[in-house]
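Please read the structure below before turning to the comments.
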Amino acid sequence: MNREIRVIVYCRAPEEGPAPLEAAFLGINEDLAEVPGLLRSELLHSTLQGEDFAVLSYWQDAQSFRDWEQGAAHRSQTSPLRRYQDRGGSRHYGIYEVRDAASFTES
């Protein structure tokens, strides 16, 4: 069974503020729009730590992500965002398989 996965890349805003990071995110998404298996990408901002951000991408399955990650275009497509990756912690990214989900709507 192929399950969707989520990839999280932890980032930090530069000293001058979040605008360069936000611009890098928008720029890479123009290039990533045609990547097979990439369903969606979001830039998240921490409400607890103002300089902390994360890029959350939704993938059709792990194989789609691996194919892209190991492909020739991966490094050039993500290079504008790489300088903002938070490499200070024990992990600067995570890959999670969706095991279960629930949806909620307003009544």
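List of remarks:
- The sole residue among 46, 41 that is without any contact (Cβ under 8 Å) to a residue 24 or more places away in the chain and touching an Asp or Glu at 6+ places or on another chain (Cβ under 6 Å) is 46.
- When the criteria are applied in full, residue 27 meets the requirement of being surrounded by 10 or more Cβ atoms within 10 Å (Cβ to Cβ), modelled with pLDDT of 90 or more and touching a helix residue (DSSP H, G or I) at 6+ places or on another chain (Cβ under 9 Å).
- Residue check, residue 106 more than 17 Å from residue 7 (Cβ to Cβ) and more than 14 Å from the chain's Cα centre (by Cα): yes
- Every condition in (1) of a type in the set (S, T, N, Q); (2) part of a helix (DSSP H, G or I); (3) more than 14 Å from the chain's Cα centre (by Cα) holds for residue 2 except the one numbered (2).
- Subset of the stretch 6-53 (residues that are more than 16 Å from residue 77 (Cβ to Cβ) and among the hydroxyl-bearing types (Ser, Thr, Tyr)): 10, 46, 47
- Residue 72 vs. criteria of a type in the set (A, V, I, L, M), over 20 Å from residue 4 (Cα atoms) and modelled with pLDDT of 90 or more: no
- For the stretch 1-38, a residue qualifies if it is β-branched (Val, Ile, Thr) and touching a residue at least 60 places away in the same chain (Cβ under 8 Å), and the qualifying residues are 5, 7, 8, 9.
The values are calculated or read from the model by the stated rules, or taken from the named source; none is laboratory data. No experiment lies behind these values; they were computed from the predicted model shown. All Cβ positions, even for glycine, are placed from backbone atoms using ideal geometry, and neighbour counts span all protein chains on display.
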